[in-house]
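A quick write-up on the structure given underneath.
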Amino acid sequence: MIKYLTMTIGKQKNIALIAHDGKKQDMLKWCMENKEILQQHNLSGTGTTARMIADYVGLKIKVVHGTDG
């Protein structure tokens, strides 16, 4: 018999936003479309992607570098 575990997840999530070079514009578009939702969460991303999201979309996002990214 399979047992299920029910958990309550907090309203504020930790979300990593990462895009390869060929998909950065798609990521920016998606972030713009979902800005109101995304600004309610803790965002992080790697180098260029995170800086682009902060600059062009206006979201607060933590930049994670190197092996931490």
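All of the numbers you see were taken from the coordinates with simple rules; none came from a lab. Because the structure is predicted, anything quoted here is derived from the model rather than measured. Positions of Cβ are backbone-derived with ideal geometry, glycine not excepted, and every protein chain shown enters the neighbour counts.
Within a Cβ distance under 12 Å of GLY58, other residues only, what is the Lys/Arg minus Asp/Glu net charge? List each step's numbers first, then the result.
On the way: positive: LYS35, LYS60; negative: GLU36, ASP55.
For residues surrounding GLY58, the net value is 0.
Indicate the gyration tensor shape class of region 14-68 (rounded, prolate or oblate), computed on the Cα atoms with a ≥ b ≥ c the square roots of the eigenvalues: a/c under 1.5 is rounded; otherwise a/b larger than b/c is prolate and the rest oblate. List each step's numbers first, then the result.
On the way: a/c = 1.83, a/b = 1.17, b/c = 1.56.
In terms of gyration-tensor shape, oblate.
Please give the calculated 222 nm ellipticity per residue for the chain, where each DSSP H segment of at least 4 residues contributes -39500 (n - 2.57) and the sum is spread over every residue; nearest 500 deg cm²/dmol?
Numbers: 3 runs with 20 residues, N = 69.
Helix contribution divided over all residues of the chain: -7000 deg cm²/dmol.
Please identify every one of the trypsin sites (Lys or Arg not before Pro) in region 1-62 that sits in a loop by DSSP and has no more than 12 other beta carbons within 10 Å of its own beta carbon.
Values: sites: LYS3, LYS11, LYS13, LYS23, LYS24, LYS29, LYS35, ARG51, LYS60, LYS62; in loops: LYS3, LYS11, LYS13, LYS60.
Qualifying residues, ordered by number: LYS3, LYS11, LYS13, LYS60.
Can you count the Lys pairs in the chain whose Cα atoms are under 20 Å apart, with each pair 8 or more apart or on different chains?
For the chain, the number of qualifying lysine pairs is 15.
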